[in-house]
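Asks: So that we are looking at the same thing, I have put the structure below in structure tokens.
Only the coordinates and a few stated rules stand behind these numbers; no lab work does. Computed from a predicted model, the values in this text were never measured in an experiment. Cβ sites come from the backbone with ideal geometry, for glycine too, and all protein chains shown count toward neighbours.
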Amino acid sequence: MRHPILSSVLLGSGLLLLGACSHPAKNATHPSANQAVAIVNGHPIRRGLLDTFLGAHGNHPPHLAPAIQHLALQRLIDIQILAAKGRESGLLHQANARNTLLLQRQVLLANLEIRHYLKTHPVTKTDLEQAYQKTVGNMGHHEYKVRHILVKKRALAVRLIADLEHGAHFSALARKYSIDTSAAQGGELGWISAAQVTPSFAKAVRGLNVGAFTHEPVHTQYGWHVIELQGKRSLTPPTFAEMHDRLVDVLRNKEVTDFITQLRGKAKVKILLPNLPLTQPAAPGMPNTHPAVPPATPPHP
């Protein structure tokens, strides 16, 4: 298997340096971090910078083979030579360069602050156990095989229900009318638990017999649903060990989200960009068939 450093291309990503700055190596403060590992035109490249560069690729610098470390050092030498040439060319005076450097600095400080916050507010075993019990409790004791049709207007959902009552094929209506990503599959969502969908959707599913569909439209934040229950089976919840890592991510995300919300509440923010919506409208799509977690996972402390 090729090593990440071996397969990397120096200029293959515009965020190469940003990535290196955003993921500082854990041993960057080692006593040898200030030791020079190369001198380029009189300017040293220090051990701490090399370790940070290696750590940006998800590596553990002290455990890497010398050949890999030397290859990474060659990349850093190339970067230093190119950077010097860029300064000589006056590129730092360009507006785009100044903005990029400012953004990199802001991203670095933001990531460091998140790491610091998570380090001082660790997820406890009690937090994890409580989250596990709540998650398992919300799952219920059954899984449901479901398909649905999602539309924007209640009137259309009512009409589709009438069509189904008169013998129309569910999958054909889903392919023609549903605005959900499952439309191409005839509205099929596969096997889901109650915890994976919105409360109103879950309640409607629980109230159906296998083979039946809802005779009243079901409303969620995504629109109006017509739901058919195709199957039902007992659910064996995952163990605490199986869910541990995901629960850690969920709780850390919640900690970070709450922390940012708290900071935003104290900050004086004035939006000057005209016609900017305060919130992004929810895009139409299938009901929440994934656990409600923030889209990004905060860095590990």
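Asks: Which part of segment 110-143 falls in the paramagnetic zone of GLU242, meaning amide N under 11 Å from the point 7 Å along Cα-to-beta-carbon?
Replies: none
Asks: What residues have an amide H closer than 5 Å to that of THR220, excluding those fewer than 5 places away on the same chain, when H is modeled at 1.01 Å from N in the peptide plane?
Replies: HIS225
Asks: If you take every residue apart from GLN80 with its C-beta less than 12 Å away from the C-beta of GLN80, what net charge results, scoring Lys and Arg +1 and Asp and Glu -1?
Replies: On the way: positive: ARG46, ARG75, LYS85, ARG87; negative: ASP78.
The answer is +3.
Asks: Calculate one ³J(HN,Hα) per residue across segment 170-178 by plugging θ = phi - 60° into the Karplus curve 6.51 cos²θ - 1.76 cosθ + 1.60, and present them in order as whole Hz with x for glycine and proline.
Replies: 4, 5, 5, 5, 5, 5, 7, 10, 5
Asks: Let me ask something additional. Suppose every K and R has +1 on its Cβ and every D and E has -1 on its Cβ; what is the size of the dipole of segment 153-222 about the Cα centre, in Debye to the nearest 20?
Replies: Values: 7 positive and 5 negative charges, 31 e Å.
Result for segment 153-222 is approximately 140 debye, rounded to the nearest 20.
Asks: So for the pair LEU92, ARG159, with labels modelled 7 Å out along Cα→Cβ, what separation do we get in nm?
Replies: 6.6
Asks: Count charges around VAL146 for me, please; just the other residues with Cβ under 9 Å from its Cβ, Lys/Arg as +1, Asp/Glu as -1. Intermediate values should be presented prior to the final figure.
Replies: On the way: positive: LYS145, ARG147; negative: GLU188, GLU228.
Overall, the nearby charge balance is 0.
Asks: List the residues whose amide H sits under 5 Å from the amide H of ARG147, counting only those 5 or more places along or on another chain, with H placed 1.01 Å from N in the peptide plane.
Replies: LEU189, GLU228, GLN230
Asks: Beyond 28 Å between alpha-carbons counts as too far, so tell me which of LYS176/LYS254; LYS176/LYS232; LYS85/LYS270; LYS125/LYS268 fall in that bin.
Replies: Numbers: LYS176/LYS254 39 Å; LYS176/LYS232 26 Å; LYS85/LYS270 40 Å; LYS125/LYS268 36 Å.
Where the Cα-Cα span goes over 28 Å, the pairs concerned are LYS176/LYS254; LYS85/LYS270; LYS125/LYS268.
Asks: Ok, one more. Starting from the amide H of THR198, placed 1.01 Å from N in the peptide plane, find each other amide H under 5 Å away whose residue is 5 or more places distant or on another chain.
Replies: ASN288
Asks: Can you give me the C-alpha center-to-center distance between segment 108-152 and segment 197-272, rounded to a whole angstrom?
Replies: Here the two parts' Cα centres lie 10 Å apart.
Asks: Each residue of segment 222-229 in order: what ³J(HN,Hα) in whole Hz does its phi give by Karplus 6.51 cos²θ - 1.76 cosθ + 1.60, θ = phi - 60°, with x for Gly and Pro?
Replies: Those phi angles translate into 8, x, 10, 10, 10, 10, 10, 8 Hz.
Asks: Another one. Using a Förster distance of 35 Å, how high is the FRET efficiency between LYS268 and ILE179, based on the Cβ-Cβ distance and rounded to 0.05? Before the final figure, lay out each step's value.
Replies: Values: r = 40 Å, r/R0 = 1.14.
For LYS268 and ILE179, the calculated efficiency is 0.30.
Asks: Modelled label-to-label distance, LEU108 and ALA67, 7 Å Cα→beta-carbon offset: nm?
Replies: 3.3
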